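Here the structure comes first, spelled out in structure tokens, and everything after it is commentary.
The values are calculated or read from the model by the stated rules, or taken from the named source; none is laboratory data. These figures come from a predicted structure and were not determined experimentally. Here the Cβ positions follow ideal geometry from the backbone for every residue, glycine too, while neighbour counts run over all protein chains shown.
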Amino acid sequence: MFNLILFGPPGSGKGTQSEKLISRYGLKHLSTGDLLRHEISHQTELGREAQNFMDKGQLVPDEVVIGMISSALDENPGAKGFLFDGFPRTQEQAIALDKLLKLKKAPIAVMLALDVSEEELIKRLLKRGETSGRSDDDNEQVIRARINEYRNKTAVVADHYKKFDKVVMVKGEGTIEEIFERLCNEIDKRDK
Ligand code: AMP
């Protein structure tokens with residue numbers, strides 16, 4: 001089993017690169033943002049609770065996203081590996097993920113951290129907001145709140161995995177293909 005975390009601030013290209021990576025490596029994509037938007041579109045209780053936080057650019061409570069990931073792992077017993085996108089986003093989530101994967105005897109192999117300047121992030125998110133239909137992308141104030149949440153709560157997750165020597169920084173600017181090749185190079189050094 002090969003488990004990897006694609007890490008980086010909002011707008012760093014995690015979603016775009018995840019789609020390409022899962023198709024090349026046959027991994028199961030677990031994006032907490034996508035799972036939450038699915039709950040919202042189906043108007044579930046969990047979706048309604050999450051939406052209040054998402055609309056403000058704030059993180060959804062840990063127990064909600066940890067519960068979703070735990071169920072998703074259980075629902076995919078035969079997976080070749082998982083690509084975690086947008087999770088873990090807090091130290092508590094990272095500790096919970098490590099525990100869940102320990103039970104499966106398949107720890108995180110590597111965290112690939114996309115490095116993109118703040119100016120470029122805001123530009124990309126506003127552009128995505130024109131077409132994504134995501135209300136949290138078309139408002140600069142919400143975008144800035146999301147980047148602040150990343151700085152205050154999520155950046156520490158990289159420190160957590162650095163302790164285990166699992167973090168690789170990857171330049172997240174350039175063409176989609178260039179960035180994809182950089183990510184693949186790192187995976188190919190470690191996969192299987
Ligand atoms: P994303 O699609 O990853 O940009 O996530 C969109 C929004 O969903 C975030 O701004 C958070 O409000 C929420 N969210 C997604 N993943 C998490 C997570 N792991 N922990 C807390 N909130 C999350």
If I filter the stretch 145-175 down to residues being surrounded by 12 or more Cβ atoms within 10 Å (Cβ to Cβ) and β-branched (V, I, T), which single residue comes out as farthest from Q93 (Cα to Cα)? V170
Within the stretch 87-105, restricting attention to residues that are surrounded by 15 or more Cβ atoms within 10 Å (Cβ to Cβ) and assigned to a loop (DSSP other than H, G, I, E, B), which residue is nearest to the chain's Cα centre (by Cα)? F87
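Do we have M68 as crowded, with 16+ Cβ neighbours inside 10 Å and over 25 Å from G26 (Cβ atoms) here?
Judged against the criteria, M68 is not a match.
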Flagged pairs (Cβ under 7 angstrom, 6 or more apart or on separate chains; first in the stretch 177-189, among the aliphatic types (A, V, I, L, M); second crowded, with 16+ Cβ neighbours inside 10 Å and part of a helix (DSSP H, G or I)) are I179/Q17; L183/Q17; L183/L21; I187/Y25
What number goes with the only condition from (1) within 16 Å of the ligand (Cβ to nearest atom); (2) surrounded by fewer than 18 Cβ atoms within 10 Å (Cβ to Cβ); (3) in a helix (DSSP H, G or I); (4) modelled with pLDDT under 95 that R134 does not pass? (3)
Just one of the numbered conditions (1) on the phi > 0 side of the Ramachandran plot; (2) of a type outside the set (A, V, I, L, M, F, W, C); (3) away from the ligand (no atom under 14 Å from the Cβ); (4) in contact with a strand residue (DSSP E or B) (Cβ under 9 Å, 6 or more places away or on another chain) is not true of D165; which one? (4)
So which residues in the stretch 40-67 are near the ligand (Cβ under 9 Å from one of its atoms) and either touching a Ser or Thr at 6+ places or on another chain (Cβ under 7 Å) or in a loop (DSSP other than H, G, I, E, B) (or both)? D55, K56, G57, Q58, L59, V60, P61, D62, V65
Since K20 meets every condition but one in (1) within 15 Å of the chain's Cα centre (by Cα); (2) at pLDDT below 95, which condition does it not meet? (2)
Restricted to the stretch 137-160, and to residues that are of a type in the set (D, E, K, R) and not in a helix (DSSP H, G or I), which residue is nearest to the ligand (Cβ to nearest atom)? D137
Positions within the stretch 18-34 being assigned to a helix (DSSP H, G or I) and either more than 16 Å from the ligand (Cβ to nearest atom) or not acidic (D, E) (or both), in sequence order: S18, K20, L21, I22, S23, R24, Y25, T32, G33
Can you report the number of residues in the stretch 106-121 which are touching a Phe, Trp or Tyr at 6+ places or on another chain (Cβ under 6 Å) and surrounded by 20 or more Cβ atoms within 10 Å (Cβ to Cβ)? 2
Those residues that are surrounded by fewer than 19 Cβ atoms within 10 Å (Cβ to Cβ) and among the hydrophobic types (A, V, I, L, M, F, W, C), I need them from the stretch 47-58; list them, please. F53
Filtering the stretch 72-86 down to residues that are more than 8 Å from the ligand (Cβ to nearest atom) and within 17 Å of the chain's Cα centre (by Cα) yields A72, L73, G81, F82, L83, F84
Test result for G81, surrounded by fewer than 16 Cβ atoms within 10 Å (Cβ to Cβ) and closer than 23 Å to H38 by Cα: no
